[in-house]
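Asks: Take this structure, written in structure tokens, and hold onto it; I'll ask about it next.
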């Protein structure tokens, strides 16, 4: 009797379970999910491709299966998740995968499997820079590859392998094997040989597999460096003319040679880390030839083309213009600058045959335009001749052309200032000097005070209006001493000695 009751109880429980299950199925619509992405038969997918499907009402969870065969006889991933997407990982490159999902409901109820889809992991990716067959590349050229395959960014890879070689079979003694992290899409090289053709390729990988190699690209490194300045065959160059060439990265030194013959039998040899250097030890009026090459730890470029340049033969006079007339009695003599000179020799005289007997020197500075202030009155209505030559520690230039100018007497000098009632006071002066003048019209008067070396210590423009005028010039910063005062209005010049005593 007891045994019969036990059987009856089991039948009752089973019946109740089936009743509940059928009741739930009657209330819940059991459907498989709809797969969303990737599209069926999608290609060039990533090893960590995201598998995505639509949510199902009343679903408790989803079961995802991934296989390399359409019949799912060998499942490589079987996972249950409450989410509607799962990231795969470490999938094999160039491999087709099949996947499906089913819905799991409360009460251990499962839907049918969804219609399976397939996708294929990418085989290889494309190289980016340098362009295929690029030439004149730097020895530290940076290799770059695409960060996506088709429209998809590359992900799910742990590293990239790069091979560079001088042969397309990648089996020479010069092969370079490099590895970078999987989120890096470039690799700078170093110390490549100059004038050499290189082949390179790359592939992706992770702990389970590596992709196929990319298509092979080639590039060639530069063989020589181009010169930039001074222009080839240029003339009138300074003694310290800047030599300039192309900027080449990946070098440790530039070596350049300068010689006065194209065979470079006795050149000056210099090393530099810069792309611009001033020439050294040059002579005036000389043609020079120069060339350059670069080097790093493993190789040296060929010599560049040979260029030439010629230095200044002599200074070129500028002011006063040759043959000019009406020159004031204390003119400035000016000429062009020859940088790299240490001083200039200036000759001026009333007699062209005695120019060499009248010698004046002026120190040369590269940051100052050269000139000579004549600080004594020249004779009026007189022709003067002048010339200049430059000097350095190693050489002296030729003389410039001989130019001339003619002075004129200040027209109406005494009459003008006398009639204008010029008064300058006090003399000796202390802090201030006054200039009093009766002017017929508005005009400017130039006031200059020279020391005994001919240097201007005060220079001002005084503006007068018609009628009686008085202007003051401050002397508080001028040391005690004897000075030459000069007033200039048009061609009228007045000079006088002025004593400052404070």
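Asks: What is the antiparallel percent of DSSP beta bridges lying wholly in region 413-500, to the nearest 5? Intermediate results must be reported in sequence, preceding the final value.
Replies: Values: 33 of 34 bridges.
Antiparallel bridges: around 95 percent, rounded to the nearest 5.
Asks: Using only DSSP helix segments of four residues or longer, with each worth -39500 (n - 2.57), what per-residue ellipticity at 222 nm results for the chain after dividing by its residue count and rounding to 500?
Replies: Working: 2 runs with 33 residues, N = 502.
That calculation yields -2000 deg cm²/dmol at 222 nm.
Asks: May I pose another question? Can you tell me what percent of all Cα-Cα pairs in region 167-252 are more than 19 Å apart? Let's see the in-between values first.
Replies: Working: 2172 of 3655 pairs.
Of all Cα-Cα pairs in region 167-252, 59 percent lie more than 19 Å apart.
Asks: Angle, helix 2-27 long axis vs. longest principal axis of the chain, Cα atoms, 0 to 90°, nearest 10?
Replies: 40 degrees
Asks: Let me ask something else. When DSSP beta bridges are limited to those with both residues in the chain, what percentage is antiparallel, rounded to the nearest 5? Could you put the intermediate results ahead of the total?
Replies: Details: 127 of 136 bridges.
Of all bridge pairs located within the chain, approximately 95 percent are antiparallel.
Asks: Fully extended, how many nm does the chain gain between residue 31 and residue 360 (0.36 nm per residue separation, minus their Cα-Cα distance)? Display every interim value, and only then the final one.
Replies: On the way: separation 329, 0.36 × 329 = 118.44 nm, distance 10.99 nm.
Stretched out fully, the residue 31 to residue 360 stretch lengthens by 107.4 nm.
Asks: What list do you get for 359, 313 if you sort them by fewest beta carbons within 10 Å?
Replies: Details: 359 10, 313 17.
Exposure proxy ranking, most exposed first: 359, 313.
Asks: Could you point to the label whose value was computed as log10 I(q)/I(0) by the Debye sum over Cα atoms at q = 0.06, 0.07, 0.08, 0.10 Å⁻¹ for the structure here, given (1) -0.32, -0.43, -0.56, -0.85; (2) -0.26, -0.36, -0.47, -0.74; (3) -0.64, -0.71, -0.78, -0.94?
Replies: (3)
Asks: Hull surface divided by four, with the convex hull built on the Cα atoms of region 31-121: how many nm²?
Replies: 5.2 nm²
Asks: Moving on. Based on the Cα gyration tensor of region 413-500, what are the three equivalent ellipsoid semi-axes, each the root of five times an eigenvalue, rounded to whole Å and given largest first? Display every interim value, and only then the final one.
Replies: On the way: eigenvalues 96, 35, 26 Å².
Working from the Cα gyration tensor, I get semi-axes of 22, 13, 11 Å.
Asks: Given the Cα-Cα distance of residue 70 and residue 321 and 0.36 nm per residue of separation, how much length would full extension add, in nm?
Replies: Values: separation 251, 0.36 × 251 = 90.36 nm, distance 9.84 nm.
My answer for the length gained is 80.5 nm.
Asks: Sequence gap at least 6, Cα distance under 8 Å: using those rules, report the relative contact order of region 302-376 to the nearest whole percent. Mind dumping the intermediate values first?
Replies: Numbers: 89 pairs, mean separation 22.8, N = 75.
Reported as a whole number, the value is 30 percent.
Asks: Across bins of 10 angstrom width beginning at 0, how are the C-alpha pair distances of region 173-327 distributed, in whole percent?
Replies: 9, 28, 21, 16, 12, 8, 4, 2, 1, 0
Asks: Right, next: I'd like the distance separating the alpha-carbon centroids of region 372-394 and region 183-221, in whole Å.
Replies: Cα centres, region 372-394 to region 183-221: 70 Å.
Asks: With each label point set 7 Å from Cα along the Cα-Cβ vector, what nm distance links residue 126 and residue 436?
Replies: Distance between label points: 9.3 nm.
Asks: Would you mind calculating the relative contact order of the chain from Cα pairs under 8 angstrom and at least 6 residues apart, reporting the percent as a whole number? Each step should come with its number before you reach the end.
Replies: Working: 1203 pairs, mean separation 41.5, N = 502.
It comes to 8 percent, rounded to a whole number.
Asks: Among DSSP beta bridges whose residues both lie in region 317-407, state the antiparallel percentage, nearest 5.
Replies: Values: 22 of 24 bridges.
Beta bridges within region 317-407, antiparallel portion: roughly 90 percent.
No value in this document is a laboratory result; all are computed from the given coordinates. Just so it is clear, the structure is predicted and the values come from calculations on it, not from any experiment. Cβ atoms come from the backbone with ideal geometry, glycine included; neighbour counts cover every protein chain shown.
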